[in-house]
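Colleague: I have a structure I would like to understand better, so I am pasting it below and will then ask my questions one at a time.
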Amino acid sequence: MEDTNIPNSIDEYILQYSEEAQEILQTLRRVIKESAPNATEKISYRMPTFVLEGNLVHFAAYNNHIGFYPTPSGINTFKQELSGYKTSKGAVQFPIEKPIPYELIRQIVKFRVDENKSKAEEKLKKKKKNN
C-alpha cells in the first residue's frame, strides 16, 4: 500500500505542522539556504533535504523537537557545541520549547558545504589521474 502523505516539496512538508513548528521550520530552511546558497532542495527519506555534491543536511519536525541531520562528520566536528543536546551518530535533537541555535546550524551547514566540495574535488582529481 502506498503512503499518500509523502510531501512532494519542502513547502508541502512544512504545511503539515502547527503554526509554531512551521515558523521554526521556515527559519531553519532560510538559515540553511543562506549558508548553502547553491544547494538544491528535495524530499529524501520523507524529510526536507538540501543537496550539494551529495546530501548536505536533512531536517524534520517531531512532537517535541526538530531533528537535524548533518551526517556523522557534522555531529563529530561540533560535538562540543552540541553537548547540551541529545545527539546520535548523525543527528541532533533541538527541543521545540527552547530557542533553536540557528547560528550553530549555520556553522554546521557551512562546514558540510566545504566538506562536500572537498570530497567532490578529490573525486575529480582521482578521475583525471586515472584517465
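The values are calculated or read from the model by the stated rules, or taken from the named source; none is laboratory data. Bear in mind the structure is a predicted one, so any value in this text is a computation, not a measurement. Here the Cβ is made from the backbone with ideal geometry for all residues, glycine too, and neighbour counts use every protein chain on show.
Colleague: Could you look through segment 6-23, keep only residues that are in contact with a Lys or Arg (Cβ under 9 Å, 6 or more places away or on another chain), without any contact (Cβ under 8 Å) to a residue 40 or more places away in the chain and not in a helix (DSSP H, G or I), and pick out the one that is nearest to Phe111 (Cα to Cα)?
Modeller: Here the residue is Ser9.
Colleague: Turning to a different aspect of this structure: Here's a check for you: in segment 15-52, which residue that is β-branched (Val, Ile, Thr) and within 14 Å of Gly67 (Cβ to Cβ) is surrounded by the most Cβ atoms within 10 Å (Cβ to Cβ)? Explain how you work it out, then say what you get.
Modeller: Within segment 15-52, the first condition is being β-branched (Val, Ile, Thr), and the residues that meet it are 24, 27, 31-32, 40, 43, 49, 51.
Still in the running and within 14 Å of Gly67 (Cβ to Cβ): 24, 32, 49.
Numbers: Ile24: 20, Ile32: 28, Thr49: 21.
Checking each candidate, the answer is Ile32.
Colleague: Determine which member of the set Lys126, Lys79, Lys86 is more than 27 Å from Asp11 (Cβ to Cβ), loosely packed, with under 14 Cβ neighbours inside 10 Å, at pLDDT below 95 and charged (D, E, K, R).
Modeller: Lys126
Colleague: Can you confirm whether Ser73 is within 11 Å of Ile108 (Cβ to Cβ), touching a residue at least 24 places away in the same chain (Cβ under 8 Å), out of contact with any strand residue (DSSP E or B) (no Cβ under 7 Å at 6 or more places or on another chain) and crowded, with 17+ Cβ neighbours inside 10 Å?
Modeller: Against the criterion (within 11 Å of Ile108 (Cβ to Cβ), touching a residue at least 24 places away in the same chain (Cβ under 8 Å), out of contact with any strand residue (DSSP E or B) (no Cβ under 7 Å at 6 or more places or on another chain) and crowded, with 17+ Cβ neighbours inside 10 Å), Ser73 does not qualify.
Colleague: Right, next: At pLDDT below 90, loosely packed, with under 13 Cβ neighbours inside 10 Å and out of contact with any Ser or Thr (no Cβ under 7 Å at 6 or more places or on another chain): does that describe Lys98? Talk me through it step by step, then tell me what you get.
Modeller: Working: at pLDDT below 90: no; loosely packed, with under 13 Cβ neighbours inside 10 Å: yes; out of contact with any Ser or Thr (no Cβ under 7 Å at 6 or more places or on another chain): yes.
No: the conditions fail for Lys98.
Colleague: Here's a follow-up. In this structure, is Asn63 under 29 Å from Asn5 (Cβ atoms), surrounded by fewer than 18 Cβ atoms within 10 Å (Cβ to Cβ) and modelled with pLDDT under 95?
Modeller: Yes, satisfied.
Colleague: Let me ask something else about it. Criterion first (among the charged types (D, E, K, R), in contact (Cβ under 8 Å) with a residue 24 or more places away in the chain and crowded, with 18+ Cβ neighbours inside 10 Å) does Arg106 satisfy it?
Modeller: no
Colleague: Here is a check on your reading of the model: is Lys110 at pLDDT 95 or above, within 18 Å of Ser9 (Cα to Cα), in a helix (DSSP H, G or I) and not aliphatic (A, V, I, L, M)?
Modeller: No; evaluated as a whole, the condition is false for this residue.
Colleague: Another question, if that's okay. When segment 24-58 is examined, which residues are found to be in contact (Cβ under 8 Å) with a residue 40 or more places away in the chain and either at positive phi or among the basic types (Lys, Arg) (or both)?
Modeller: Residues satisfying the conditions are Arg46, Glu53, Gly54.
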